[in-house]
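To keep things clear, I will list the structure first and then write my remarks on it.
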Ligand SMILES: Cc1cc2nc3c(=O)[nH]c(=O)nc-3n(C[C@H](O)[C@H](O)[C@H](O)COP(=O)(O)OP(=O)(O)OC[C@H]3O[C@@H](n4cnc5c(N)ncnc54)[C@H](O)[C@@H]3O)c2cc1C
């Protein structure tokens with residue numbers, strides 16, 4: 001079959017890899033000049049490795065990624081570490097990524113700590129996520145973990161991420177976040193770019209075509225036997241009006257990256273900002289996870305937000321945003337000073353679907369009612385929160401459906 005894959009993120013690339021492996025004639029259309037979509041990487045001349053525009057890692061439970069890495073012969077490039085995750089509480093970072101650290105956390109009473117441990121234990125152990133689709137995360141967290149823990153630990157993160165939509169987020173989304181999380185995280189030598197490049201190379205070797213900087217694909221003049229759209233649902237609807245794509249709210253992602261001569265944050269990789277007076281949700285010190293020698297000896301820290309499409313930060317340039325963030329960034333830096341060598345700003349629309357009540361029921365099948373047209377994007381990742389592991393799973397699933405359906 002002659003197949004068009006629209007979108008060169010992890011879903012599209014995996015599907016194209018699988019389809020070309022099965023000897024189909026595949027053409028990938030990617031709007032940008034680089035592949036990788038939300039997980040794309042960029043590089044500075046003095047860096048050896050690429051860096052993702054927004055913080056990326058894998059969990060050791062990410063089986064689809066592990067299988068793909070192995071199939072592409074990249075096992076030796078996989079790096080597994082246990083970096084520190086912490087919460088900013090009363091202006092100080094507190095490591096909060098193990099039962100012992102929860103026990104010594106000063107922000108909760110002993111009873112709240114036991115209730116939080118019970119909540120997390122229950123979510124880790126249970127497989128029954130469907131009933132959790134009928135209640136909100138807030139209802140689940142307050143009923144088992146208690147109102148105090150909700151106020152100190154969870155509410156600032158939910159409202160920081162989802163804004164006014166926070167009270168509508170389903171408990172199943174929260175379950176998925178806890179269920180798959182592992183303390184050990186994985187990354188790849190060279191960044192996620194290594195796997196993106198390997199996929200591109202394999203697709204081409206298997207006879208496929210990859211067209212970059214190309215948003216010329218339209219359904220009207222398509223001569224392909226089958227079309228797999230992996231672009232976000234609102235874009236798919238523009239490409240094919242009347243397409244029954246999922247209609248769920250999305251948030252934008254925005255990251256400001258600082259390349260500095262000294263580390264901004266000590267030791268911690270992932271710092272949750274629970275003080276909502278801060279203008280960002282998380283500070284992620286990539287070089288507290290990966291060695292900074294791969295980045296010219298400099299330190300790289302992300303300051304990230306999820307935002308609604310009309311948020312004022314989305315119309316601010318890098319300098320304006322840095323001016324707004326800097327006083328708060330300095331409050332995280334107890335060593336008093338750092339020199340900024342470079343800064344980078346990334347914004348991406350449709351970067352996070354909001355899993356509201358009964359989310360799974362709002363997602364149609366990958367095979368659309370339009371003959372020969374298939375849609376698979378991160379909205380289809382259920383019950384899990386989106387991630388490259390699930391994009392790989394989805395790409396494989398879409399390739400299978402596309403080749404087995406008449
Ligand atoms: C801030 C942030 C942090 C994240 N952290 C992690 C993490 O730590 N680990 C992890 O595994 N995942 C993480 N993710 C999620 C991960 O990046 C995504 O789940 C995954 O990359 C989605 O892949 P995709 O191919 O489904 O979609 P996308 O990456 O969105 O790919 C869609 C592609 O379609 C292209 N496109 C759009 N319109 C057109 C058009 N008209 N024609 C042609 N092409 C078009 C886009 O340019 C894009 O390349 C994170 C995401 C964000 C935003």
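The values are calculated or read from the model by the stated rules, or taken from the named source; none is laboratory data. What you see is a predicted model; the values in this text were computed from it and never measured. Heads up, the Cβs are rebuilt from the backbone with ideal geometry, glycines too, and the neighbour counts pull from every protein chain shown.
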Residue that is farthest from the ligand (Cβ to nearest atom) [pool: residues in segment 3-13 that are part of a strand (DSSP E or B) and touching a helix residue (DSSP H, G or I) at 6+ places or on another chain (Cβ under 8 Å)]: 3
Matching residues in segment 193-207 - criterion: being surrounded by 22 or more Cβ atoms within 10 Å (Cβ to Cβ) and either touching a helix residue (DSSP H, G or I) at 6+ places or on another chain (Cβ under 6 Å) or closer than 10 Å to residue 40 by Cα (or both): 196, 199, 203
Filtered residue count, segment 14-32, keeping only those that are within 14 Å of the ligand (Cβ to nearest atom) and part of a loop (DSSP other than H, G, I, E, B): 3
Extreme residue, surrounded by the fewest Cβ atoms within 10 Å (Cβ to Cβ), among residues of segment 362-373 that are in contact (Cβ under 8 Å) with a residue 40 or more places away in the chain and over 13 Å from residue 233 (Cβ atoms): 369
Segment 33-49, residues that are part of a loop (DSSP other than H, G, I, E, B) and either without any contact (Cβ under 8 Å) to a residue 60 or more places away in the chain or surrounded by fewer than 22 Cβ atoms within 10 Å (Cβ to Cβ) (or both): 33, 34, 43, 44, 45, 46, 47, 48, 49
Filter result (outside any loop (DSSP other than H, G, I, E, B) and closer than 13 Å to residue 380 by Cβ) within segment 223-233: 228, 229, 233
Among (1) crowded, with 18+ Cβ neighbours inside 10 Å; (2) farther than 19 Å from residue 157 by Cα; (3) more than 16 Å from the ligand (Cβ to nearest atom), the one test that residue 379 misses: (3)
Only one of 350, 390, 302 that is within 30 Å of residue 2 (Cβ to Cβ) and in a strand (DSSP E or B): 350
Out of 283, 245, 253, 236, sole residue that is in a loop (DSSP other than H, G, I, E, B), in contact with a strand residue (DSSP E or B) (Cβ under 8 Å, 6 or more places away or on another chain) and either under 25 Å from residue 394 (Cβ atoms) or modelled with pLDDT of 95 or more (or both): 245
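Quick check on my filter: what residues within segment 220-233 are farther than 12 Å from residue 5 by Cα and touching a strand residue (DSSP E or B) at 6+ places or on another chain (Cβ under 7 Å)?
Narrowing segment 220-233 to residues farther than 12 Å from residue 5 by Cα: 220-221, 223, 232-233.
Hit for segment 220-233 is 232, nothing else.
Based on what the data block shows, is residue 231 within 12 Å of the ligand (Cβ to nearest atom), within 20 Å of the chain's Cα centre (by Cα) and either surrounded by fewer than 16 Cβ atoms within 10 Å (Cβ to Cβ) or more than 20 Å from residue 304 (Cβ to Cβ) (or both)?
Details: within 12 Å of the ligand (Cβ to nearest atom): yes; within 20 Å of the chain's Cα centre (by Cα): yes; either surrounded by fewer than 16 Cβ atoms within 10 Å (Cβ to Cβ) or more than 20 Å from residue 304 (Cβ to Cβ) (or both): yes.
Yes, satisfied.
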Of all residues making up segment 128-163, the number that are within 25 Å of residue 278 (Cβ to Cβ), part of a helix (DSSP H, G or I) and touching a residue at least 24 places away in the same chain (Cβ under 8 Å): 15
Matching entry among 395, 309 (being surrounded by fewer than 15 Cβ atoms within 10 Å (Cβ to Cβ) and within 16 Å of the ligand (Cβ to nearest atom)): 309
